[in-house]
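The values are calculated or read from the model by the stated rules, or taken from the named source; none is laboratory data. Quick caveat: nothing in here was measured; it's all calculated off a predicted structure. Every residue, glycine as well, gets a Cβ built from its backbone with ideal geometry; the counts of neighbours run over all protein chains shown.
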Amino acid sequence: MLEYKSMSESTLRLSVVIPIYNERDNLHPLTAQTLKALSGQVPSFEIIYVDDGSTDGSAQLLDQLARNHAEVRVFHFDRNYGQTAAFDAGFQQARGELVATLDGDLQFDPRDILKLLPLATQYELVCGWRRDRQDTIVKRLSSRIANFVRNAAIHDGVHDTGCSLKVFQRHVIERLPLFKGMHRFFPALAKIHGFSMTEVPVSHYNRAHGQSKYGIGNRLFSSLYDLIAVRWMQARCLRYIYRKDQHDLQ
Ligand code: UDP
Ligand code: MG
């Protein structure tokens, strides 16, 4: 059992936020694997599914899973708004002191959350790193180009910004300025605010069922465009520190 001594006993320890857009055949195994991985290992946890306007029956299946498992909570969008919106809604609903994010397509092993958790007391953001990435050549190549350009432009200091498996301390998600596409820049956004972060290698698998929601247009090109916004935020972010002799701070 992992201990978080600095955290109060009464509150929920971990929220796992998972965006879902048409992942019907992955939902049962994903839920079973996540429950199995965390039960008995984390004092208390919840799994938050955000259904991003699925049309393949995922919505009904998610409701069924929430009825059958007390740890599962489900929120439905009225249409598809995109992965960042789904993360944002999950962050708003999360009650944990730590918030993990995961994909809904079984490309990750939920047991790897346990690899990141011990570091999450020390670092405000712990990022997974898909060292042995199991994706198509087109996807790996476009990711390599995007990584190169991103690092050159914003120096966020991580190898794998797009890895969805991450663990955030709660106050970090409360500070991230989120806009469409920004889920690819969580480390850069955290760094802008001076939060500490580290990386942990995680396993990666081929998608179990269903299809990827991204191609070159809505991943590579849009993330290169989004870099302009991240650069701007880096330059314009408000960072201020009160003088040490200021007494009436809460
Ligand atoms: N997703 C989402 N809304 C979208 C696109 C994707 O909620 O508009 C979810 C999707 O169901 C999955 C995760 O985001 O759980 C990552 O998507 P995908 O696996 O297609 O991305 P890839 O692994 O190909 O980068
Ligand atoms: Mg995927």
First in the range 133-153 and closer than 11 Å to Arg219 by Cβ, second anywhere and in a helix (DSSP H, G or I), Cβ under 6 Å, 6 or more apart: Ser142/Ile216; Ser142/Leu220; Ala146/Leu220; Ala146/Ser223
Determine which single condition Ile173 fails, assuming it passes every other condition in (1) within 19 Å of the chain's Cα centre (by Cα); (2) in a helix (DSSP H, G or I); (3) closer than 18 Å to Arg144 by Cα. (3)
Within the range 43-81, track down each residue that is under 20 Å from Arg111 (Cα atoms) and either charged (D, E, K, R) or modelled with pLDDT of 95 or more (or both). Ser44, Phe45, Glu46, Ile47, Ile48, Tyr49, Leu65, His69, Ala70, Glu71, Val72, Arg73
Tell me, yes or no, whether the range 227-249 has at least one residue that is away from ligand 2 (no atom under 16 Å from the Cβ) and touching a strand residue (DSSP E or B) at 6+ places or on another chain (Cβ under 6 Å). no
Specify the residue that is modelled with the lowest pLDDT; the eligible residues are those in the range 172-227 that are among the aromatic types (Phe, Trp, Tyr) and more than 28 Å from Thr31 (Cβ to Cβ). Phe221
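Within the range 39-64, track down each residue that is over 21 Å from the mean Cα position of the chain (by Cα) and either crowded, with 17+ Cβ neighbours inside 10 Å or within 16 Å of ligand 2 (Cβ to nearest atom) (or both).
Asp56, Leu61
Within the range 92-126, how many residues are touching a helix residue (DSSP H, G or I) at 6+ places or on another chain (Cβ under 8 Å), assigned to a loop (DSSP other than H, G, I, E, B) and not acidic (Asp, Glu)? Working first, answer last.
Within the range 92-126, the subset touching a helix residue (DSSP H, G or I) at 6+ places or on another chain (Cβ under 8 Å) is 94, 96-102, 104-106, 109-111, 113-114, 124-126.
Adding the requirement that they be assigned to a loop (DSSP other than H, G, I, E, B) leaves 94, 96-97, 102, 104-106, 109, 124.
Next, from what is left, pick out any that are not acidic (Asp, Glu): 94, 96, 102, 104, 106.
Total satisfying the criteria: 5.
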When Ser8 is evaluated against the numbered criteria (1) surrounded by fewer than 19 Cβ atoms within 10 Å (Cβ to Cβ); (2) at pLDDT 95 or above; (3) in a loop (DSSP other than H, G, I, E, B), which criterion, by number, is the only one it fails? (2)
Any residue in the range 34-60 that is outside any loop (DSSP other than H, G, I, E, B) sitting within a Cβ distance under 9 Å of a residue that is surrounded by 15 or more Cβ atoms within 10 Å (Cβ to Cβ) and modelled with pLDDT under 95? List the pairs, counting only those 6 or more apart or interchain. Phe45/Leu12; Phe45/Arg13; Glu46/Leu12
I need every pair where a residue in the range 61-89 that is closer than 23 Å to Leu38 by Cβ has its Cβ under 7 Å from the Cβ of a residue that is aromatic (Phe, Trp, Tyr) and surrounded by 21 or more Cβ atoms within 10 Å (Cβ to Cβ), sequence separation at least 6 or different chains. Leu62/Tyr49; Glu71/Phe45; Val72/Tyr49; Val74/Tyr49
Just the residues that are away from ligand 2 (no atom under 11 Å from the Cβ) and either surrounded by 15 or more Cβ atoms within 10 Å (Cβ to Cβ) or within 19 Å of the chain's Cα centre (by Cα) (or both), please, taken from the range 207-218. Asn218
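Based on what the data block shows, is Val158 in contact with a Cys (Cβ under 9 Å, 6 or more places away or on another chain), assigned to a loop (DSSP other than H, G, I, E, B) and not charged (D, E, K, R)? Give the derivation first.
Working: in contact with a Cys (Cβ under 9 Å, 6 or more places away or on another chain): yes; assigned to a loop (DSSP other than H, G, I, E, B): yes; not charged (D, E, K, R): yes.
Yes.
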Within the range 144-179, the count of residues that are surrounded by fewer than 22 Cβ atoms within 10 Å (Cβ to Cβ), touching a Gly at 6+ places or on another chain (Cβ under 9 Å) and within 20 Å of Thr84 (Cβ to Cβ) comes to 4
Residue list for the range 127-154, restricted to those being assigned to a helix (DSSP H, G or I), under 21 Å from Asn206 (Cβ atoms) and β-branched (Val, Ile, Thr): Ile137, Val138
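Can you spot a residue in the range 110-119 that is within 16 Å of ligand 2 (Cβ to nearest atom), closer than 24 Å to Gly157 by Cα and surrounded by fewer than 19 Cβ atoms within 10 Å (Cβ to Cβ)?
Taking the range 110-119 as the starting set, the residues that turn out to be within 16 Å of ligand 2 (Cβ to nearest atom) are 110, 112.
If we keep only those that are closer than 24 Å to Gly157 by Cα too, we end up with 112.
From the residues that got through so far, the ones that are surrounded by fewer than 19 Cβ atoms within 10 Å (Cβ to Cβ) too are none.
Checked the range 110-119: no residue is within 16 Å of ligand 2 (Cβ to nearest atom), closer than 24 Å to Gly157 by Cα and surrounded by fewer than 19 Cβ atoms within 10 Å (Cβ to Cβ).
For the structure I just gave you, tell me whether Arg236 is in contact with a His (Cβ under 7 Å, 6 or more places away or on another chain), over 22 Å from Lys115 (Cα atoms) and not aliphatic (A, V, I, L, M).
Working: in contact with a His (Cβ under 7 Å, 6 or more places away or on another chain): no; over 22 Å from Lys115 (Cα atoms): yes; not aliphatic (A, V, I, L, M): yes.
Considered against the rule, which asks whether it is in contact with a His (Cβ under 7 Å, 6 or more places away or on another chain), over 22 Å from Lys115 (Cα atoms) and not aliphatic (A, V, I, L, M), Arg236 comes out as no.
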